[in-house]
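This report refers to the structure that appears directly beneath it.
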Amino acid sequence: MKLCIIGTGYVGLVSGVCFSDLGNDVVCADNNTDKILNLKKGIIPIYEPGLSELVKKNCKAKRLSFTSNISEAIRESNIIFLCVGTPTKKNSNAADLSQIFIAAKEISRNIKSSKIIINKSTVPVTTCDQIEKIISKKVNKKLFSVVSNPEFLREGDAIRDFVYPDRIIVGTSEKKSNKILRSLYSPLISKGAKYINTSRRGAELIKYASNAFLATKISFINEIANLCEKTDVNIEDVSIGMGLDKRIGGRFLRAGPAYGGSCFPKDTRAIIDTANKFKTDLSIIKSVIKSNQNRSKLLLQRVSKILKNKIKNKKITFLGVTFKANTNDMRESSSLTMIPSLAKKGAIVKYYDPTGYKKEFEYQKNVTNSPNIKEACLDADLIIIHTEWNDFKSLNYNNLSNKKNFIIYDMRNILPYDKIKKGKLKYFSIGR
Ligand code: UDX
């Protein structure tokens, strides 16, 4: 079986590389010629631990190749994965499906033999029906089938999530496609992954419902953290105490800044848009979006309180600016709200991130990038631990700044609380 992956973004690249590592013959296609040229040279466009090594290994073994000739890649493959972006449309909550439809048309022009088209892009329920309609305008339905197979890869843990998934969801009512997909995933199933065959629409909705539920879990614990701060309760006790109930589960119960990234904000907006189209009120998810938008405002108010409302000319250092650790992704990171807001109020902001300089702050007055933690914190009045990189977990926090009475605001609760509380350091964290 030859696999073609259309779209070498996060999902496409990781899936393509991992499928080739399972022994399949994979071609990753993208219309971005620069990206393809770089990939051919082994230059990876994203920061994902372990990915670069796997690209090298599988290119060397001649199982993995890259091309900008999408038509040819489609013609030469039996299985085609759609992994293109579905960002939020401008001035709307809806997912922009233009890349999906362009790819579907490209596929329809290049089907000469039997093919399975598997959609991995996150799309609103009924999109695969539309893909099928587009292709069937040019191709006999007997020659192709469209399957939904959503991804559940977390940035920074994507390879691990691919190899050891909690579940593999395959949405199709066709026996033959289901058999082929099961066989494609058999190396993961034999290691314990659960394979679930659902309706195609069911698979599409499982993806959105999962992300919306995880976003709800995070917003829920963030709001409980607000109550903990008022009642002298430690949120970490609450998370552990709740999480041990198997009906609840401990994961995604870590309080912190507003959730961000390329999925949760976009997907919660898109499911609301879909529900509106089908005249359904998803009031809980609407509240989650509102709660998350409010989160950065709340944390900024707390910064203001910590600094006794004197933000002007205060030196504030951000340790970590990406939306989470082990990624260089800045999409919808809460630092994009917090840093400009503090700079506008007159703070002098420095930031250090293990993945380096961020163009997002390029034109921001009073915001500079530091090359290392030491320089970033040197004369800071306030150090904000924004992202939970391991690099920040074992800091010698007592001497981080040479300013007397400097303050640490640990937005990820990563420093040892009990130990710090016994010392003299001015330390604030989340939900305690
Ligand atoms: C997410 C989903 O987890 C993945 O299954 C999906 O397919 C793609 O979207 P990702 O966006 O890479 O993955 O990151 P994730 O680890 O889910 O974190 C998203 C946001 O939630 C981050 O801002 C993170 O800091 C935050 N988060 C996560 C918390 O604040 N608390 C938690 O307990 C977990």
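What to note about this one:
- Residue selection: Ile221 satisfies the criterion of being in a helix (DSSP H, G or I), crowded, with 21+ Cβ neighbours inside 10 Å and within 13 Å of the ligand (Cβ to nearest atom).
- For the stretch 72-89, a residue qualifies if it is part of a strand (DSSP E or B) and closer than 19 Å to Arg331 by Cα, and exactly one does: Thr88.
- Only residues that are surrounded by fewer than 18 Cβ atoms within 10 Å (Cβ to Cβ) and small (Gly, Ala, Ser) were counted across the stretch 358-400, and they come to 1.
- Only one of the numbered conditions (1) within 11 Å of the ligand (Cβ to nearest atom); (2) surrounded by fewer than 21 Cβ atoms within 10 Å (Cβ to Cβ) is violated by Lys207, and that is (2).
- Evaluating Gly431 against the criteria (1) open to solvent by less than 10 Å² (accessible area, probe 1.4 Å); (2) in contact with a strand residue (DSSP E or B) (Cβ under 8 Å, 6 or more places away or on another chain); (3) within 25 Å of Leu336 (Cα to Cα) leaves one unmet condition, (2).
- Test: residue in the stretch 133-152 that is within 16 Å of the ligand (Cβ to nearest atom), open to solvent by 30 Å² or more (accessible area, probe 1.4 Å) and within 26 Å of Lys89 (Cα to Cα): yes
- Restricting the stretch 189-204 to residues that are within 16 Å of the ligand (Cβ to nearest atom) and in a helix (DSSP H, G or I) leaves a set whose member that is surrounded by the most Cβ atoms within 10 Å (Cβ to Cβ) is Glu204.
- Selection of the stretch 133-170 for residues being more than 28 Å from the chain's Cα centre (by Cα) and under 21 Å from Ile100 (Cβ atoms) yields Lys133, Ile134, Ile135, Ser136, Lys137, Lys138, Val139, Lys141, Leu143, Phe144, Ser145.
- Some residue of the stretch 179-187 being out of contact with any strand residue (DSSP E or B) (no Cβ under 6 Å at 6 or more places or on another chain), away from the ligand (no atom under 11 Å from the Cβ) and small (Gly, Ala, Ser): yes
- Applying a threshold of 8 Å to beta carbon distances and a minimum spacing of six or more residues, or different chains, the list of pairs starting in the stretch 235-264 at a residue that is touching a residue at least 24 places away in the same chain (Cβ under 8 Å) and ending at one that is open to solvent by 50 Å² or more (accessible area, probe 1.4 Å) and among the basic types (Lys, Arg) reads Gly260/Arg331; Gly261/Arg331; Ser262/Arg331.
- Qualifying residue in the stretch 286-293 (condition: more than 16 Å from the ligand (Cβ to nearest atom), free of Cβ contacts under 8 Å to residues at least 40 places away in the same chain and part of a loop (DSSP other than H, G, I, E, B)): no
- Of the residues making up the stretch 312-336, those that are surrounded by fewer than 19 Cβ atoms within 10 Å (Cβ to Cβ), of a type in the set (S, T, N, Q) and within 20 Å of Gln301 (Cβ to Cβ) number 1.
- Residues in the stretch 303-319 include none that are closer than 30 Å to Lys89 by Cβ and modelled with pLDDT of 95 or more.
- Check on Ser92, assigned to a loop (DSSP other than H, G, I, E, B), on the phi < 0 side of the Ramachandran plot and either touching a residue at least 12 places away in the same chain (Cβ under 8 Å) or touching a helix residue (DSSP H, G or I) at 6+ places or on another chain (Cβ under 8 Å) (or both): yes
- You will find that of Lys350, Lys344, Lys305, Lys312, the residue that is farther than 20 Å from Glu155 by Cα, in contact with a Gly (Cβ under 7 Å, 6 or more places away or on another chain) and without any contact (Cβ under 8 Å) to a residue 40 or more places away in the chain is Lys312 and no other.
The values are calculated or read from the model by the stated rules, or taken from the named source; none is laboratory data. Since this is a predicted model, take the numbers as computed values, not measurements. In this analysis, Cβ positions are derived from the backbone assuming ideal geometry, glycine residues included, and neighbour counts consider all displayed protein chains. The accessibility values were calculated without ligands, DNA or RNA, using every heavy atom of the protein model including side chains. Shrake-Rupley method; radii C 1.70, N 1.55, O 1.52, S 1.80 Å.
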